[in-house]
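S.K.: Have a look at the structure that comes next, please.
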Amino acid sequence: MLAADREYNLLEISFPVEGWNAMALELRDELGYPAYRSLHPAAASFQENGHCFFGWYSAAIRGNGEMYPCCLLMSPDYKPLGNPVGSTFAKQWNGPGFNRLRVEMRSVLLRNPPAFEPETFKVIRKQCVEPGMCSLKKMYFRGDEEFYSRLGRALTGARRRSRWKNTFLHAVGTARERLRRTPAPPK
């Protein structure tokens, strides 16, 4: 089967687990398959804005109620972000697990270029940040030029505001820091 797919240049194998990808690359080389080429067209704006945004759009739920950001993170070593059994989906979706995911994803989206920080990130994984490691992002959604253009414009504005805010806070300090520097009124 794989050899037949090779003949039609249809073989694309990608996993959310690094060790499996290494195995897939070995198999690709053994079959003499050409280097990776995506079978799915990408929008021009995808290259710059193709970071993971699933934390705002997606949840995968197992039969026991465990909630994950997507099906690729439903691995045994990944802690579920919530469970609506005995609760509600909305409470879990807006709860600490998914909120932490969104904070981490937002920090990645605002960086240009993005970088994975294993010591900082507790919820997202390397495949959520590194280009080409998420098979969902390599296949689906890539061709939606309107979405990625709008995302790009929103990110440009957010990055500008974030830089301004950080520059401003660095220059003048937070409100609490300003109060500490302000001399006490005369008695």
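Any read-out appearing in this document is the output of simple, stated calculations on the displayed coordinates, not a laboratory observation. The structure displayed is predicted, hence computed values, not measured ones. All Cβ positions, even for glycine, are placed from backbone atoms using ideal geometry, and neighbour counts span all protein chains on display.
S.K.: If one puts a single equal scatterer on every Cα of region 50-95 and applies the Debye formula without solvent, what log₁₀ I(q)/I(0) results at q = 0.18 Å⁻¹?
M.R.: The computed values of log10 I(q)/I(0) come out as -0.50.
S.K.: Dipole magnitude of region 68-120 about its Cα centre, charges +1 at Lys/Arg Cβ and -1 at Asp/Glu Cβ only, in debye to the nearest 20?
M.R.: So the dipole magnitude of region 68-120 works out to roughly 240 debye.
S.K.: Less than 13 Å Cβ to Cβ from N49, Lys/Arg counted +1 and Asp/Glu -1: what total charge do the surrounding residues give?
M.R.: Computed value for this residue: +2.
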